[in-house]
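Written below as structure tokens is the structure these notes are about.
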Amino acid sequence: MAEHPAYPVGLRLAGRRVVVVGGGQVAQRRLPALIAAGADIVLISPSATPSVDAMAETGEIRWERRRYQDGDLTDAWYALIATRDKAANDAASAEAERARVWCVRADDAEAATAWTPATGRVEGVTVAVLTGNDPRRSAAVRDAVVEGLRDGSLAAPGRRHHTPGVSLVGGGPGDPDLITVRGRRLLAEADVVIADRLGPRDLLDELPPHVEVIDAAKIPYGRFMAQEAINNALIEHARAGKAVVRLKGGDPYVFGRGMEELQALAEAGISCTVVPGISSSISVPGAAGIPVTHRGVAHEFTVVSGHVGPDDPRSLVDWASLAKLTGTLVILMGVDKIGLIAEALVRHGRPADTAVAVIQEGTTAAQRRVDATLATVGETVRAQEVRPPAVIVIGAVVNVHRPA
């Protein structure tokens, strides 16, 4: 038998009798997959692990608390033999052979009539790997394939039966490794990608040649506002039957205008999926060694847009109230207004010597950190020629772990 490879097959066990002999660790590992397959499972064992016991208590399996007896495999379609008693295993395996029941033996793979592959599932695909008597290699191959399918690095396009639609994907703070698994997979399946300059640009080079990549900053606006033009482009490509990804920096709903785009798509009757992203408001400080909260230092953090100054009538921020908080203040899009913002915070009561860190191009190879205080940050940013994108952190957490 060892000279011939196993013949792979997928068993459809829903509603069919499956007998598991033995209630130990092997059964504990294998039972969830059999339950997920919808099998009618009978466990035969005088004892079981707490986890297996819980499966019986919830009715997922039927447990007969006794040792194996000849005839237990009657009408079974599949059997798993996993006791510590070799004589019982031999007897159950012999019954399976007589009754022509496919049988897996945990103690002796060569005596079994079936082997359990290393199995993984992702997006409706079941990956099952057999490497003979090398389970570690089977698991390693399975993990590599599943991970590749999840993150899109393994291209396996299926039949394209997608409905027209748009995915608003948060690309994270800039490092291409920080996009979510789901976001990367949607990119791999896209026909059109409309990208922000703050999105993870390195991922665009990995897209297949047929994917149309559109720089949102270069969409011809004409008589439209920039956002309206982007909305129109999303609608146009989706109506053409294409899978469209709107790749945004950070998270679509954290100063990303994601809701405006979703509302425009909804009004046009186009389905939309929102994929959250890692917000730069917490990830960039973390990459620079700054926790936005820390025990005994900061019990809250507040994220604020600094794209308009404190005295601008368009500002919706209550700077006087923010100045009275003792926690961390994180400012996005505030590089050119930080001098005015710092002055307002000091004017309303925040100490002038409050620590400030400005992290430019966080999580990328060009990341740099500039430290200052509220009294000096405006001049420091100008002198150091800090440019957007940058995240500004204000508060005692800046000094919790200052770099050497």
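Structure notes:
- Taking the criterion of being within 38 Å of the chain's Cα centre (by Cα), open to solvent by less than 30 Å² (accessible area, probe 1.4 Å) and among the hydroxyl-bearing types (Ser, Thr, Tyr), the only residue of the range 40-76 that qualifies is Thr49.
- Scanning the range 260-282 for residues that are in a loop (DSSP other than H, G, I, E, B) and over 24 Å from the mean Cα position of the chain (by Cα) yields Ala268, Gly269, Ile270.
- Scanning the range 180-221 for residues that are assigned to a helix (DSSP H, G or I) and of a type in the set (Asp, Glu), we see that the one that is nearest to Gly277 (Cα to Cα) is Asp202.
- Leu374 over 29 Å from the mean Cα position of the chain (by Cα) and open to solvent by less than 20 Å² (accessible area, probe 1.4 Å): yes
- Enumeration of residues in the range 332-351 that are in a helix (DSSP H, G or I) and among the charged types (D, E, K, R): Asp336, Lys337, Glu343, Arg347
- Any hit, the range 313-331, residues being under 22 Å from Gln360 (Cβ atoms), touching a Lys or Arg at 6+ places or on another chain (Cβ under 6 Å) and either part of a loop (DSSP other than H, G, I, E, B) or open to solvent by less than 20 Å² (accessible area, probe 1.4 Å) (or both): no
- Selection count, the range 377-404, where residues are assigned to a loop (DSSP other than H, G, I, E, B) and either crowded, with 20+ Cβ neighbours inside 10 Å or of a type outside the set (Asp, Glu) (or both): 11
- Residues considered: Pro291, Pro285, Pro310. Of these, the only one that is surrounded by 16 or more Cβ atoms within 10 Å (Cβ to Cβ) and under 21 Å from the mean Cα position of the chain (by Cα) is Pro285.
- Given (1) in contact with a helix residue (DSSP H, G or I) (Cβ under 8 Å, 6 or more places away or on another chain); (2) within 20 Å of Leu34 (Cα to Cα); (3) open to solvent by 50 Å² or more (accessible area, probe 1.4 Å), number of the condition Asp108 does not satisfy: (2)
- In the range 294-307, the residue that is surrounded by the fewest Cβ atoms within 10 Å (Cβ to Cβ) out of those that are assigned to a strand (DSSP E or B) and out of contact with any helix residue (DSSP H, G or I) (no Cβ under 6 Å at 6 or more places or on another chain) is Ser305.
- Test result for Ala233, in contact with a His (Cβ under 8 Å, 6 or more places away or on another chain) and open to solvent by less than 50 Å² (accessible area, probe 1.4 Å): no
The values are calculated or read from the model by the stated rules, or taken from the named source; none is laboratory data. Everything numeric here is computed off the predicted structure, so don't read it as measured data. Every residue, glycine among them, receives a Cβ derived from its backbone with ideal geometry; neighbour counts consider all protein chains shown. Side chains are part of the model used for accessible areas, which takes the heavy atoms of the whole protein and leaves out ligands, DNA and RNA. Shrake-Rupley method; radii C 1.70, N 1.55, O 1.52, S 1.80 Å.
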